[in-house]
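Novice: So that we are looking at the same thing, I have put the structure below in structure tokens.
The values are calculated or read from the model by the stated rules, or taken from the named source; none is laboratory data. Just so it is clear, the model here is predicted, and its values are computed rather than measured. Glycine also receives a Cβ, built like all others from the backbone with ideal geometry; neighbour counts cover every protein chain displayed. The area values use the complete protein model at the heavy-atom level, side chains included, leaving out ligands, DNA and RNA. Shrake-Rupley method; radii C 1.70, N 1.55, O 1.52, S 1.80 Å.
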Amino acid sequence: MIEKGKISAFQLALMMNPTIFATALLLVPAITAKHAEQDLWLSPIWAAISGLLTVYISCKLNKFYPEKSLIQYSEQILGKIAGKILGLIFLLYFLHLNGIIVREYGEFVVGTFLNTTPMNVVMGSMLLVCALAVYGGIEAIGRSSQIIVPVVSLLFLVMTLLLVKDLDPKKLLPVMENGIMPSFMGSIVPSAWFSEFILMAFVLPLLKDSGKAMKWGVLSVLSVMFLLVITNLSTYMLLGKLTIKDTYPVMVAVRYISIADFLEHLEAIVMAIWVSGTFIKISMFYYSTVLGMAQWLSLSDYRPIVLPIGFLILVLGHWAAPNLQSLAHFLGTSGAFYMLTLQLGIPVVLLCIAWIQQKFQQKKDGGQ
Amino acid sequence: MKWAAVLGITFIFVCMALFEWPKLGRGSKKEKIIFLSLSVIGWFLGSMLVFFPNPPGPTELMDGIFKPLGKLLEK
Amino acid sequence: MRAITFFTKLNILLQISSLLLPVTLLTGCWDRKELNDMAIITAAGIDKKTESTIELSVIVYIPKNAGVGEEMGGGNGGQGQQVLVRSAEGISIAEAISMLQQEFPRHLFWGHNEVFVIDEELARDEDLRPTIDFIMRHPQTRERSHIFISKQKVKNIFSLNPPLERDLAEVLRNLAGLKIGVDITLKDLAEMLIGESGTAALPYIDILSPPESQDKKQTIADIIGTAVLKNGKMIGSIDASTTRGLLWLRNEIELAVVTVKPDNTEGYVSMQLLRAYSRLIPKIENGKWKITMQAKTEDDLIQNGTTLNTGNPQTIHRLEQDLKADIDNKVKEALKQVQHEMNADIFGFAEAFHRAYPNVWKKYKQNWDDIFPTVEVTLETTAKIRRPGIVTEPGAYPEQEVKTE
């Protein structure tokens, strides 16, 4: 084993929550609203199905091959060469996706707060902090999420409560005006986000109590779903059709809070939520990529490649898109299918093959 | 200015190497090779982006592959 | 061996230099803006200058006088300007801002701008949507800023010297908060403009003429009614009393004193609104589009200028009828002017029909401009007078003059 640290299933659930929610919070409501309009609050519910499926797949695969990660058992399932190729595809994918995530982070910070700061500095400083977390190993990430996630979730719920007086529930009517389809179409992009739960396949071998993994994984999916439903409901009840036009509807919603001319200008808190959530998210992806790479190359330690990979992520962040519009457009269209294919499609195929192999194995054992 | 940026990237890699090299120890030749080759790839890509800021990248490639499905969500 | 010691030494050196590294970052904090580098804008307004240009005026807060004014009391502080008004011309608001920046030694900061005022001439002649786009797009401007249409040139309004408040931005923001007229924020306006009917209502302000003996500038701007916008242009305005009818239809009524003249008496009775609530119930019957407005209000009697005995439940009942009639009249007036004359759906009828009849709505959406003036509105108002204050019979009339009925 390359990683010697161990975490609990509860910590894993806490780590996965911001891994989905942190970026979904800002870009997804606008993308969902474009398709689902006033039914946008239904979309995360449909989308959570893909999350549950991913959790199920990664837990099942882990049962077949305990102690092994996605990169390692794909070699066992598909054979040496095909497995290595698939492993490389996964690693390149996670590198690319992590680049996109870092870019989203950079675009948000530069676009709304630090207008003149070079993006390199914003992305680079975040990656440096994440590199330190990854250096510290899975235990460090687990413990930092134990501190960060409860605070962030609480802050977020308080924000929503402060908005209540400005909300107009009538904007949600008529429910399902054009049937169920719009809310379903709107759920494709969030379900791509939910399928990021496949990162569990990297971390599950490191659990102290892998028996509880399924339970906590499901709870983690449900918590993300709950937060997204609340986000979508409150944004739409406040902004109505404007949700579609804003780049960051949640940001606008929080800026709108004004209690007694006193509790105002709270966008710094969104910033805090966003930065700390994204920190966990990038660290998780970063860690999984580095660990997977070390396993793929059968290194004895993953630490030597942390920094070079970090730089590659920064470069890919730059390369990801020429500007925010094309990035958002990519994530809102082809990107969703790209993510779904790699994070849900291929694992499903892997599970099927593994399952058939297992059946044959049993038959052979039974025959002898 | 562009050369300065390349110099900056080189500086980052020198720092990384100085930080990491002593820890790699003498025995682990494989780690050293991989560290170096990843650094070279990173350095090369980084410098390339300095000179050609927006070449079509992985995003465009994937966009091309998944375009037929992506059209469904075009609006 | 030697190589290792070399690396350890280098590593120590590196550790020390990494401690020094943050120092180099201190020199270049790109977005560093100290409070004393900023000119904080508290209100902005746009006038039409020539056929193709606009004039942007802003009120900028001067921080150094704020503290002094309080300490010195009357003297210099009270009179001393705490704000600065500046204007600049340009083809678009974006260009005007860059011209404006040249007049300031500090960075213009929009984060505290709470008021936007648009001149009536500009609103009537030009589409406001490009301006709204700029305000929405700017990362610093706030979606909660209040928007007004002004009868006078904004430049003149901004140069006023309000006696009670710090500056005009403060005045307008508080007026909007009192809900005397419609209270529309940037978010509301944008939402109305992209809404089903593409119409919007904005508070309409004018300079309140000061008492004659006083300085002409020692006054404020007040809300005199509502400006009605359609497709981004102002098409008309209604007065303050009609605005109350509009507020009833929009369920935005909050603060009001209603004065009625009961039959067979001389004098007036005034009632204060405590609670008010209204809702629109749409109905389509045999191709006829109908709206029922249900309104409920609870009031307190605050002045009885007649000889009626307000301790008598019958009298109270009669007054309730008068109150109801007064509300109905105002609503009808608003309907007459806005629905029939301007044909602008600022009441939210379109949304109400959309919500109740999504399928029918889809078919007739295009023809809404033709349907809207024909919508029949029925009023179901219930007015209740809860308490007659703390006297029952008219307070200052002798017993024998009080009518008992």
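Novice: Return the pair list, or none, for Cβ contacts closer than 7 Å from residues in segment C:7-35 that are closer than 18 Å to residue B:24 by Cβ and hydroxyl-bearing (Ser, Thr, Tyr) to residues that are open to solvent by less than 100 Å² (accessible area, probe 1.4 Å) and modelled with pLDDT of 70 or more, at least 6 apart or on different chains.
Specialist: Close Cβ pairs (under 7 Å, with a partner that is open to solvent by less than 100 Å² (accessible area, probe 1.4 Å) and modelled with pLDDT of 70 or more) amount to C:8/B:22.
Novice: To continue, here is another question. Need at least 1 residues that are at pLDDT below 90, within 14 Å of another protein chain (Cβ to nearest Cβ) and farther than 28 Å from residue A:233 by Cα per element, so show me which helices (runs of 4 or more DSSP H) inside segment A:1-90 make the cut, counting only ones lying wholly within it. Step through it out loud before you land on a result.
Specialist: Values: elements: A:9-36, A:43-64, A:70-78.
Output list is empty.
Novice: A further question follows. If you go through segment A:224-236 one residue at a time, do you hit one that is within 13 Å of chain C (Cβ to nearest Cβ), touching a residue at least 24 places away in the same chain (Cβ under 8 Å), over 15 Å from residue A:21 (Cβ atoms) and in contact with a helix residue (DSSP H, G or I) (Cβ under 7 Å, 6 or more places away or on another chain)?
Specialist: Looking only at segment A:224-236, we keep the residues that are within 13 Å of chain C (Cβ to nearest Cβ), and these are A:235-236.
Subset that is touching a residue at least 24 places away in the same chain (Cβ under 8 Å): A:235-236.
Next, from what is left, pick out any that are over 15 Å from residue A:21 (Cβ atoms): A:236.
Next, from what is left, pick out any that are in contact with a helix residue (DSSP H, G or I) (Cβ under 7 Å, 6 or more places away or on another chain): A:236.
The answer is yes; a qualifying residue exists.
Novice: From (1) facing chain A (nearest Cβ under 7 Å); (2) farther than 20 Å from residue A:97 by Cα, pick out the condition that doesn't hold for residue B:9.
Specialist: The one condition residue B:9 does not meet is (1).
Novice: Which members of segment A:136-181 meet the condition of being of a type outside the set (A, V, I, L, M), open to solvent by 20 Å² or more (accessible area, probe 1.4 Å) and more than 12 Å from chain C (Cβ to nearest Cβ)?
Specialist: The first filter runs over segment A:136-181 and keeps only residues of a type outside the set (A, V, I, L, M), leaving A:136-137, A:139, A:142-146, A:150, A:153, A:156, A:160, A:165-166, A:168-171, A:174, A:177-179.
Pick out the ones that are also open to solvent by 20 Å² or more (accessible area, probe 1.4 Å) and you get A:136, A:139, A:143-144, A:146, A:150, A:153, A:160, A:165-166, A:168-171, A:177-179.
Passing the criteria: A:136, A:139, A:143, A:144, A:146, A:150, A:153, A:160, A:165.
Novice: For residues in segment C:1-41 being within 30 Å of residue C:59 (Cα to Cα) and of a type in the set (D, E, K, R), which is modelled with the highest pLDDT? Before you say what the answer is, go through the steps one by one.
Specialist: At the first step, the residues of segment C:1-41 found to be within 30 Å of residue C:59 (Cα to Cα) are C:29-41.
Right, trim to of a type in the set (D, E, K, R) and you get C:31-34, C:37.
Working: C:31: 69, C:32: 68, C:33: 70, C:34: 72, C:37: 78.
The selected residue is C:37.
Novice: While we're on this one: Quick test of your reading of the structure: residue C:289 fulfils all but one of (1) in the same structural domain as residue C:120 (by TED's automatic domain parsing); (2) at pLDDT 85 or above. Name the failing condition by number.
Specialist: It fails just one condition, (1).
Novice: Among helices (runs of 4 or more DSSP H) lying entirely in segment C:296-365, which contain 2 or more residues that are away from every other protein chain (no Cβ under 14 Å), open to solvent by 40 Å² or more (accessible area, probe 1.4 Å) and at pLDDT 85 or above?
Specialist: Values: elements: C:313-334, C:349-356, C:358-364.
Per the criteria, C:313-334.
Novice: Still on this structure: Looking only at segment C:149-185, how many residues end up being among the aliphatic types (A, V, I, L, M) and farther than 17 Å from residue A:261 by Cα?
Specialist: 7
Novice: Same structure again: If the requirement is being open to solvent by less than 20 Å² (accessible area, probe 1.4 Å), touching a helix residue (DSSP H, G or I) at 6+ places or on another chain (Cβ under 9 Å) and either within 20 Å of residue A:135 (Cβ to Cβ) or more than 9 Å from chain A (Cβ to nearest Cβ) (or both), which of these qualifies: B:36, B:24?
Specialist: Working: B:36 fails: open to solvent by less than 20 Å² (accessible area, probe 1.4 Å).
Every option except B:24 fails the conditions.
Novice: Still on this structure, I have one more. Starting from segment A:125-145, take each residue that is among the β-branched types (Val, Ile, Thr) and list its partners that are part of a helix (DSSP H, G or I) and open to solvent by 10 Å² or more (accessible area, probe 1.4 Å), counting only C-beta distances under 7 angstrom and pairs at least six apart or across chains.
Specialist: Listed by first residue and then by second, the contacts come to A:129/A:279; A:141/A:133.
Novice: Quick one: how many residues across segment A:174-192 are free of Cβ contacts under 8 Å to residues at least 12 places away in the same chain and closer than 17 Å to residue B:71 by Cα?
Specialist: Within segment A:174-192, residues that are free of Cβ contacts under 8 Å to residues at least 12 places away in the same chain and closer than 17 Å to residue B:71 by Cα number 1.
Novice: Does residue A:363 satisfy the criteria of being more than 26 Å from residue A:75 (Cβ to Cβ), assigned to a helix (DSSP H, G or I) and of a type in the set (Lys, Arg)? I'd like the intermediate steps shown before the answer.
Specialist: Details: more than 26 Å from residue A:75 (Cβ to Cβ): no; assigned to a helix (DSSP H, G or I): yes; of a type in the set (Lys, Arg): yes.
No.
Novice: Would it be correct to say that residue B:70 is part of a helix (DSSP H, G or I), open to solvent by less than 50 Å² (accessible area, probe 1.4 Å), more than 9 Å from chain A (Cβ to nearest Cβ) and without any contact (Cβ under 8 Å) to a residue 12 or more places away in the chain? Walk me through it before giving the result.
Specialist: Values: part of a helix (DSSP H, G or I): yes; open to solvent by less than 50 Å² (accessible area, probe 1.4 Å): yes; more than 9 Å from chain A (Cβ to nearest Cβ): no; without any contact (Cβ under 8 Å) to a residue 12 or more places away in the chain: yes.
Criteria not met by residue B:70.
Novice: Looking for whichever is within 30 Å of residue B:37 (Cβ to Cβ), among the polar types (S, T, N, Q), without any contact (Cβ under 8 Å) to a residue 60 or more places away in the chain and crowded, with 17+ Cβ neighbours inside 10 Å here; the options are A:278, A:333, A:341, A:289. Which one fits?
Specialist: Numbers: A:278 fails: without any contact (Cβ under 8 Å) to a residue 60 or more places away in the chain; A:333 fails: within 30 Å of residue B:37 (Cβ to Cβ); A:289 fails: without any contact (Cβ under 8 Å) to a residue 60 or more places away in the chain.
Of A:278, A:333, A:341, A:289, the one residue that is within 30 Å of residue B:37 (Cβ to Cβ), among the polar types (S, T, N, Q), without any contact (Cβ under 8 Å) to a residue 60 or more places away in the chain and crowded, with 17+ Cβ neighbours inside 10 Å is A:341.
Novice: Moving to a separate point now. If we only count helices (runs of 4 or more DSSP H) wholly inside segment A:210-271, which ones have 3 or more residues that are open to solvent by 30 Å² or more (accessible area, probe 1.4 Å) and farther than 24 Å from residue A:186 by Cβ?
Specialist: Numbers: elements: A:213-239, A:242-245, A:249-256.
So the answer is A:213-239.
Novice: Taking the residues in segment C:369-390 that are of a type outside the set (D, E, K, R) and out of contact with any helix residue (DSSP H, G or I) (no Cβ under 8 Å at 6 or more places or on another chain) as candidates, determine which candidate is least open to solvent (accessible area, probe 1.4 Å).
Specialist: First, the residues of segment C:369-390 that are of a type outside the set (D, E, K, R): C:371-375, C:377-379, C:381-383, C:385, C:388-390.
Restricting the remaining residues to those that are out of contact with any helix residue (DSSP H, G or I) (no Cβ under 8 Å at 6 or more places or on another chain) gives C:374, C:378, C:389-390.
Details: C:374: 93, C:378: 68, C:389: 41, C:390: 178 Å².
Going through the qualifying residues, I end up with C:389.
Novice: Sticking with this structure for a sec: Taking the conditions exactly as written (facing another protein chain (nearest Cβ under 10 Å), in contact with a Leu (Cβ under 9 Å, 6 or more places away or on another chain), assigned to a helix (DSSP H, G or I) and more than 28 Å from residue A:342 (Cα to Cα)), does residue A:124 satisfy them or not? Give the derivation first.
Specialist: On the way: facing another protein chain (nearest Cβ under 10 Å): yes; in contact with a Leu (Cβ under 9 Å, 6 or more places away or on another chain): yes; assigned to a helix (DSSP H, G or I): yes; more than 28 Å from residue A:342 (Cα to Cα): no.
Here the answer is no, as residue A:124 does not meet what is asked.
Novice: Which one of A:331, A:299, A:312 is in a helix (DSSP H, G or I) and facing chain B (nearest Cβ under 7 Å)? Quick ask: steps written out before the conclusion?
Specialist: Values: A:331 fails: facing chain B (nearest Cβ under 7 Å); A:299 fails: in a helix (DSSP H, G or I).
Going through A:331, A:299, A:312 in turn, the sole match is A:312.
Novice: Within segment C:121-152, which residues are away from chain A (no Cβ under 14 Å), surrounded by fewer than 22 Cβ atoms within 10 Å (Cβ to Cβ) and assigned to a loop (DSSP other than H, G, I, E, B)?
Specialist: Scanning segment C:121-152 gives C:126, C:127, C:151, C:152.
Novice: Inspect segment A:283-296 for any residue being hydrophobic (A, V, I, L, M, F, W, C) and in a loop (DSSP other than H, G, I, E, B) and give the result as yes or no. So that I can check it myself, show each step before the final result.
Specialist: First, the residues of segment A:283-296 that are hydrophobic (A, V, I, L, M, F, W, C): A:284-285, A:290-291, A:293-294, A:296.
The next check asks that each one be in a loop (DSSP other than H, G, I, E, B); those that pass are none.
So far as segment A:283-296 goes, no, none of its residues is hydrophobic (A, V, I, L, M, F, W, C) and in a loop (DSSP other than H, G, I, E, B).
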